[in-house]
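Asker: Following this message is one structure expressed as structure tokens.
Laboratory data are not the source of any read-out in this text; all were calculated from the coordinates shown. No experiment lies behind these values; they were computed from the predicted model shown. A quick note on method: Cβ atoms are made from the backbone with ideal geometry, for glycine too, and the neighbour counts reach across all protein chains shown.
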Amino acid sequence: MDEKAKFVQADELKKFAFFGVAVSTVATLIAIIAVPLLCLHMQTVHSGLSDELLFCKSKNIQPERYKISVSRDVTTN
């Protein structure tokens with residue numbers, strides 16, 4: 001290879017390397033922001049569902065469930 005071709009190839013590789021570093025940097029920054037937000041969202045959903053479950057357990061809803069199941073049977077038949 002002559003020297004000019006080597007410089008052209010080196011220039012192309014520099015662009016490719018810069019693009020690779022830029023993409024990996026953006027991906028890392030997105031991961032740094034997205035993972036904690038996802039964990040926070042999952043914790044919020046879990047907390048809300050736990051509160052709903054405790055509410056349902058504290059109430060005696062068995063008669064209500066029976067009424068609903070009976071009314072569903074009546075409307076389907």
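Asker: Which of the lysines could a cross-linker bridge to Lys14, judged by Cα under 24 Å and excluding same-chain residues fewer than eight apart?
Answerer: Here the lysines satisfying the reach criterion relative to Lys14 are Lys4, Lys6.
Asker: Using the crude model of +1 on Lys and Arg Cβ and -1 on Asp and Glu Cβ, and no other charge, please compute the dipole size for the chain relative to its Cα centre, in debye to 20. The partial results should precede the final answer.
Answerer: Values: 9 positive and 8 negative charges, 66 e Å.
That gives the chain a dipole magnitude of about 320 debye.
Asker: Can you return the aspartates and glutamates within cross-link range of Lys59? Criterion is Cα-Cα under 15 Å, with same-chain partners fewer than 8 residues away left out.
Answerer: Correct list for Lys59: Asp51.
Asker: Under 24 Å from the Cα of Lys57, which lysines turn up, not counting those fewer than eight places away in the same chain?
Answerer: The reachable lysines, counting only those whose Cα sits under 24 Å from Lys57, are Lys67.
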